[in-house]
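Read through the structure below, which is laid out as structure tokens, and then see the notes.
All of the numbers you see were taken from the coordinates with simple rules; none came from a lab. Given the structure is predicted, the values throughout are model-derived calculations rather than measurements. Methodologically, a virtual Cβ is constructed for each residue, glycine included, from the backbone with ideal geometry; neighbour enumeration extends over all protein chains shown.
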Ligand code: UGA
């Protein structure tokens, strides 16, 4: 099939490259000529494992990129909207980019002869596809939904860093279409993937995405709360959760307590669902607690640190890990951000190390020290906070000897070293 993909961020580029790998002919649309140029040269505008290989293989053959909606829509049968859905100042979803993309798409559909299908892949709150996107397309194109154009919502469940793998080997595919014709066309794109398709209406598909992320975030905040209670009792929460996770109704995944969840999805999506619930007159107390636990959790590391060092004013504190999780340079909502803020507010001098994310953190904290190794960050420090689950932190031990005081507060249950003053966050 001929597919166009609007937005060349991490979801759009991965979707485009994977559809090409599945044998479809893909046109990427982005308003940024720099990204368009990169894709046409086979270079991914973002880093994802396996993405460069796919783009190199397909660029100039069955993938090309353009800034021109009319060209892309005229030459494809179906368009995926994969643009960003940031939070507004109140944490609610900001649909500005989705609306702008829908308008451009609608105007291109209006100039095209024949039927076209529009699919929302961006994470949007329930009702958006049918009450926002479809009416904008209808108005901008002058065409009728269900007659001249089809529409649907097809959420993504891609982990950053593993997005190509997750696309090609999904646990589930959800197609929420406005009618059978749209459903058949969207579903046919996935014919070469071995996975049962869940067929729904668009609102249900939108809700499935939010519930998926909110449930995983809830598992983490739940594990953190249990971890905090276990810590007070001197019980190893990892042993507790290992046993609890053996219950097939619970599963062992996403039960790791620690400094909390970050990233561009969990915090934003839980807040957006809270916003939508409130708009409907419902107070989602459980979801609000999921966010509250996640905001307090990293700051408990500062309390643990201070309980050992006393006042932090003038003390050098090493922060190991700046990315929101391992194997990425993404710092969005990283739990290191509130921790560094608290350290600076208390007058500490922060030295930091991250294998990939230092440059991104410099935009938020230009004044802290960025080192090119863990040892350099640890040199002369009065304490160390481990914020990200990078593999290379697992082996750290003799390196802590360069500290003024080898005190380690571990936020990710990573460090196994006998010769230090070790404080686990929940264990
Ligand atoms: C998440 C979901 O896992 C994907 O399924 C979803 O498609 C994606 O959001 C999205 O909506 O686009 P991602 O943000 O890449 O993917 O991150 P995860 O690998 O899920 O990790 C999220 C955070 O939870 C990290 O900060 C991690 O450190 C933390 N975490 C994870 C824990 O604290 N404990 C755990 O047990 C697991």
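What is the antiparallel percent of DSSP beta bridges lying wholly in the range 2-209, to the nearest 5?
Rounded to the nearest five, the antiparallel share is 10 percent.
As a test of the definition: which semi-axes, in Å, follow for the range 299-424 when you take the square root of five times each eigenvalue of its alpha carbon gyration tensor? Largest first, please.
Equivalent ellipsoid of the range 299-424: 19, 17, 13 Å, largest first.
With the cut-off at 16 Å, report for the range 34-87 the share of all Cα pairs above it, as a whole percent. Intermediate results must be reported in sequence, preceding the final value.
On the way: 738 of 1431 pairs.
Tail fraction, whole percent: 52.
Where does each of 157-168, 4-15 land if you order them by average Cβ count within 10 Å, highest first? Don't skip to the answer; put the middle values down first.
Details: 157-168: 18.8, 4-15: 26.0.
Taking the mean over residues of other Cβ atoms within 10 Å, the ranking is 4-15, 157-168.
Among 65, 348, 217, which one moves the most in a GNM of the chain with springs linking Cα atoms closer than 10 Å?
348
So what does the Cα-only Debye profile of the range 81-235 read at q = 0.11, 0.13, 0.18, 0.20 Å⁻¹, as log10 I(q)/I(0), no solvent term?
Scattering profile of the range 81-235, log10 relative to I(0): -0.50, -0.66, -1.11, -1.28.
I want the antiparallel fraction of DSSP beta bridges within the chain, as a percent rounded to 5.
Working: 3 of 49 bridges.
Of those bridges, close to 5 percent are antiparallel.
Can you work out the base-10 log of I(q)/I(0) for the range 244-342 at q = 0.12, 0.21, 0.24 1/Å, using the Debye formula on its C-alpha atoms alone?
-0.54, -1.14, -1.25
For the chain, what does the helix formula give at 222 nm: sum of -39500 (n - 2.57) over DSSP H segments with n ≥ 4, over the residue count, nearest 500 deg cm²/dmol?
-12000 deg cm²/dmol
Give the shape of the range 354-399 as rounded, prolate or oblate, defined through the alpha-carbon gyration tensor: a ≥ b ≥ c are the square roots of its eigenvalues, a/c under 1.5 means rounded, and otherwise the shape is prolate if a/b is larger than b/c and oblate if not. Don't jump to the answer; show the numbers that get you there.
Numbers: a/c = 2.13, a/b = 1.39, b/c = 1.54.
Because a/c hits 1.5 or more and a/b fails to exceed b/c, the range 354-399 counts as oblate.
Rounded to whole Å and sorted largest first, list the principal axis extents of the Cα atoms in the range 84-135.
Ordered largest first, the range 84-135 gives principal extents of 42, 17, 16 Å.
Where a ≥ b ≥ c are the square roots of the eigenvalues of the C-alpha gyration tensor, would you call the range 301-375 rounded, which needs a/c under 1.5, or, failing that, prolate if a/b is larger than b/c, or oblate?
prolate
Show log10 I(q)/I(0) for the chain at q = 0.05, 0.12 Å⁻¹, two decimals, from a solvent-free Debye sum over equal Cα scatterers.
-0.20, -1.01
Relative contact order of the range 2-209, please, whole-number percent, based on alpha carbon pairs below 8 angstrom and at least 6 residues apart.
On the way: 452 pairs, mean separation 40.2, N = 208.
Relative CO of the range 2-209 lands at 19 percent.
How many angstrom lie between the C-alpha centres of the range 363-384 and the range 266-308?
Spelled out, the Cα-based centre of one part sits 28 Å from the other.
Suppose a student asked you for the relative contact order of the chain, using Cα pairs under 8 Å spaced at least 6 residues apart; what percent would you report?
Worked out over the chain, it gives 11 percent.
Using only alpha carbon pairs under 8 Å that are at least six residues apart, calculate the relative contact order of the range 218-339 and give it in whole percent.
27
Given a cut-off of 16 Å, what percent of all Cα-Cα pairs of the range 160-274 lie beyond it?
70
Ranked highest first by the average count of other Cβ atoms within 10 Å around their residues, in what order do 52-64, 258-270, 110-122, 190-202 fall?
258-270, 110-122, 52-64, 190-202
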